[in-house]
Structure formats: structure tokens, C-alpha cells
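I have placed the structure first, in the form of C-alpha cells, so that the comments after it can refer back to it.
The values are calculated or read from the model by the stated rules, or taken from the named source; none is laboratory data. All values reported here derive from a predicted model rather than from experimental measurement. Heads up, the Cβs are rebuilt from the backbone with ideal geometry, glycines too, and the neighbour counts pull from every protein chain shown.
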Amino acid sequence: MALCEQVEDPKLAKGLVRREVVRLYTPGTLVDTEFLAPCELNYLAALSVRSDTVHGRSIGLSVLEVSTGEFWGMEFHGPHAVTQLLNEVSRLDPREVLFSKDLAPECSAWIQQIVGTRLCERPPTSFGQQSAAQTLMAHFHIQDLDALGCADSPAASSAAGAVLSYLRETQPTVPLDHIRRFTIRRNDEYMHLDGTTIRNLELLKPFLSNENASGSKPTTLLSVLDRTATAMGSRLLRQWLVRPLLHDDQIRQRLDAVEELKDHMQIRTALRTALREIQDIARLGSRIVLGLAGPRDCPRSVSS
């Protein structure tokens, strides 16, 4: 779906007023709240396959959540790279996946295993290392990729450049100033849950989507645990469920934070009350930067 707008003054037009396409609506580039589920992430992803003398074949993954500006990448190496990538994609459940038209047939074969998302072929030039680097440096106003920490991750940076290139192509008049950071994630930070495990344990989605005989919705682990007061908290909880922590120090820090709130009921109650009054700041901030926020998004504060 495309959005067209007038691009000249009707008073000055000779005949029909000139119109141009100012925005393309694709599954992975939505920022309009009416099209997004408040408690779900809407990822746009890109895959890049490269060969080098150090790792052999490397697979890069870059992910952007346009409505919040979350932007990061990963790389997978070795004989299990394809399996690790497909598991990560299963955890992310992206709405749209970009890949180059010139991929080898065996690569195209495993990309077709990604189901439930829009697969979009892109020109090979979008994934070129030099082109991607220039796109990233121009967007973040930096001199080299060392500033982003991705100079040693060419496959991930190629995918990241392809994501930004696609976003600029589909949203030619929309500023992307809310995308302020790109990070590289490591494979050893979280427990690797594959798609089969996530599905069999019914972490996020039930086997059967229909309501049961009593009329209640099917139960998942997320539905049982999610007592969050904001959409931002619910989205974060989803990520925690599919990415369990591995390192002891991180686990203890999280448990200490939970214990602190458990032991102080008054503080916990006051905090939850305050949070219920907060809008979805992550998405609202992006809409303001993108120039898409309306009066209902920014209600007038009551003066004292």
C-alpha cells in the first residue's frame, strides 16, 4: 500500500496538482499505532551471507524495530550457522525479511524455511560491503564502523546497511532520526531456544488459537506471567522469555531487583500505579520524531 500526497501548491498548478508517493506501507516498516499490536514487536530483518578466510561462510542478521528505533545485528559462523540463524529468526518472529537476489541456491533453500513472514528480495548492491558501510556512516554521522563496534562484523554490517537502504526507499520523506544506535549482539549472551522448543512449551503462542469450551483464551506462559502495567514492559517480558539469561551475575542482578520490589509493597504499589498512567513512550517518542504524532498522542498536560 502506498501513500500519495500533493507536492505543489494547487494555486500554482497548471492543470492537475502534482502528487508523489511519499510512503510505502510494508509489514516491517509500520509505525502507525492502529496497525501495531501494543504488546508485540514488529521487526524488519535482513540476512547477508559472506565468505572470508577467517570464518569461512558467515551469515549476518540485522534487525530493526522501526516503531521504537531498536537496531542491532548478529553474526553466525561455523557448521551450525544456518541452524542458529533460523532459531534466532524463530525467536524474533519478524514481519519482513530482506535478502539479496544473488544468493547461492543452497542459501535460498534455507531462507524458504522461514515461514509466517514476508520474504523480500533486494538488489545485491544493497548488501555490498562498501555501500552498506557508507549508508551506516552517513546515517550515524561517523567516520568509520569502529564507532559502532561492527568493523569486525562485515556480514552483520552489510545486513544493517540493507535495512537502512530499504527503509529510506520505502519512507523517502520520513526522517529517521529516532534510529540513534546500532549494536552487535553475541551468541553467548543468552540461552538458545529453537523454534520447536518455543512452540512446544507454548511460551508465546498456543498450539490451538481458538477459544476453548469455556470461552476463555488459550493459556501460554506469557499470558500467565504478564501482569505488566505498560506495553513496553510486556514487550520486554516477551524478549526475556525467549532469551533466558546464562551468566550467573546477570541472573542474580535480575533476581535482586525482583526481591527489592517484593520486599517493599508500598513502593511496588506506588510504582505500578504511576506506570499505569504512562503512555508507550518508546513508540510515542519515535512517532514524534517521525512527525506522525497527533493531538491524541500528546494530550495537553494539566497545569497546576
Where a residue in the stretch 290-304 is modelled with pLDDT of 75 or more and its partner, wherever it lies, is not in a loop (DSSP other than H, G, I, E, B), with Cβ under 6 Å and at least six apart: Ala293/Arg287
Output the number of the condition that Lys205 fails; it satisfies all remaining conditions of (1) in contact with a strand residue (DSSP E or B) (Cβ under 9 Å, 6 or more places away or on another chain); (2) modelled with pLDDT under 90. (1)
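When the residues of the stretch 175-186 are narrowed to those that are part of a loop (DSSP other than H, G, I, E, B) and closer than 21 Å to Arg243 by Cβ, which ends up farthest from the chain's Cα centre (by Cα)? Can you show your working first?
So in the stretch 175-186, the residues part of a loop (DSSP other than H, G, I, E, B) come out as 175-182, 185-186.
With the extra rule that they be closer than 21 Å to Arg243 by Cβ, the set shrinks to 181-182, 185-186.
On the way: Arg181: 13, Phe182: 12, Arg185: 13, Arg186: 17 Å.
So the residue we want is Arg186.
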Which of (1) on the phi > 0 side of the Ramachandran plot; (2) in contact with a strand residue (DSSP E or B) (Cβ under 6 Å, 6 or more places away or on another chain) does His141 not meet, given it meets every other one? (2)
Within the set of pairs 6 or more residues apart or between chains, which connect a residue that is surrounded by 15 or more Cβ atoms within 10 Å (Cβ to Cβ) inside the stretch 102-114 to a residue that is among the β-branched types (Val, Ile, Thr) with Cβ atoms less than 7 Å apart? Leu103/Val49; Cys107/Val49; Trp110/Val82; Ile114/Val89; Ile114/Val97
Considering the stretch 127-174, residues that are polar (S, T, N, Q), assigned to a helix (DSSP H, G or I) and out of contact with any Leu (no Cβ under 8 Å at 6 or more places or on another chain), and then whichever is surrounded by the fewest Cβ atoms within 10 Å (Cβ to Cβ), we arrive at Gln130
